[in-house]
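Engineer: The following block contains the structure, expressed as C-alpha cells.
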Amino acid sequence: MKTVPGESSAPDEGKPRRQGRWPVSRWLLLIALVLAAHVALIFTFGARKPITPVKAKNAPELQLAAGSSEWLLLNNPTLFALPNIQGFAGPAWLEPPHVQFHPLEWTESPRWWQLSAGELGNIFSRFMETNRFDRFKFDLKPSPQFTVPLVPLEPKFADASTLRIEGDIARRPLLTSLKLQSWPCADLIAPSTVQVLVNAAGNVVSAVVLPSHNSGEVRDADADQRALGLARAARFAPGPDLTLGKLIFNWRTVPPPATNAPAAL
C-alpha cells in the first residue's frame, strides 16, 4: 500500500494528540506570581491600626481632699510584707528605743585591813588543830621477808607397787582394777615395761615386754611375766580406733624371809 505525501495514514486519524510539558521557566513564573499575591494580601489585610479611645468630655472626676495623703499609701504592695515606717509595727521595727548605758562606777573609798603582828598565823594554827591528816610512811627500804623452802618428804622406798600409763593409750581410762603385788628381793627390781595394742572395744589384742636399755638394772623374770599377764587382762574404755601405749609396772621389793642357818658339826 502506498502513502501519498501530504496525507495522513488511516491509523493515526483516530488518536488524540499528546500535549507537551510546561517548561521550567513557566513554573518559576507561576510560583513567583503566587508568592507576590500572598505578600500583597498580607500587607493589605495584616496591618491593623490601634483603636484610639475617644476622650470623654464633661465626665465626673474624684479627687482626695487636702490633708488625706495617707490614703495613697494603701497602694504600696509591700506595706504589710516588709518593714515599713507606715506599717502597723513600723515604730517597733524601725524606731528602737534609745538605751542609755551606765557603767559600773566604784565610789567606795578603800578600807585597809587592820591586823596586829601578834595575830599572824592564828588562822593556820586553828586549821591545823581542827583538821586531821593521814600519816604516810615512806618505805624506802622494806624489811626482808624470810621464807622457808617447802621440801617434799617422800618415803625412801615406795609403800606399794605402782602402774604408769604412757602413750596414746593414756587418753583412754583404765576400766580394770589391777592388783600389784610386792616382790621379795634383797635388791631393787627394774620396772617391767609392757607395750600394748588396744582395739576399739577396749580389749588388749597384743602385749609385748620391752627389754631394758640400762644394763646395770636387775630384772626379775617372774615380775615381767606377772606384768605381761596383768597387761593382757587389762581393759580400757572404748575408742574410735586401735591405740598403742605402754604400761610401766614399778615394783616394790620387800626383804626376803629369814631362813634358819644349818647346824654346825
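Coordinate-derived values only; no laboratory data. Every value quoted in this text rests on a predicted model; they were computed, and no experiment measured them. Cβ sites come from the backbone with ideal geometry, for glycine too, and all protein chains shown count toward neighbours.
Engineer: How much length is gained if the chain between ILE85 and ALA186 is pulled fully straight, taking 0.36 nm per residue apart and subtracting their Cα-Cα distance, in nm to one decimal?
Structural biologist: Between ILE85 and ALA186, full extension yields an extra 23.1 nm.
Engineer: Further question on the same structure: For the residue pair ARG126 and ALA233, what label-to-label distance in nm results when each label sits 7 Å from Cα along the Cα-to-beta-carbon direction?
Structural biologist: In this crude label model, ARG126 to ALA233 measures out at 9.8 nm.
Engineer: While we're looking at this one, here's another question. What distance in nm separates the simple spin-label points at LEU175 and GLN114, each placed 7 Å from Cα in the Cβ direction?
Structural biologist: Going by the 7 Å Cα→Cβ label model, 10.9 nm.
Engineer: Further question on the same structure: Using 5 Å bins from zero, what percent of all Cα-Cα pairs in segment 162-254 falls into each bin?
Structural biologist: The calculated distribution, bin by bin, is 3, 14, 26, 24, 15, 10, 6, 2, 0.
Engineer: Another one. Using 7 Å Cα-to-Cβ label points, what is the LEU28/SER206 separation (nm, one decimal)?
Structural biologist: The modelled label-to-label distance comes out at 12.3 nm.
Engineer: Please give the FRET efficiency for PHE101 paired with ILE42, using the beta carbon to beta carbon distance and R0 = 45 Å, rounded to the nearest 0.05.
Structural biologist: Result of the calculation: an efficiency of 0.05.
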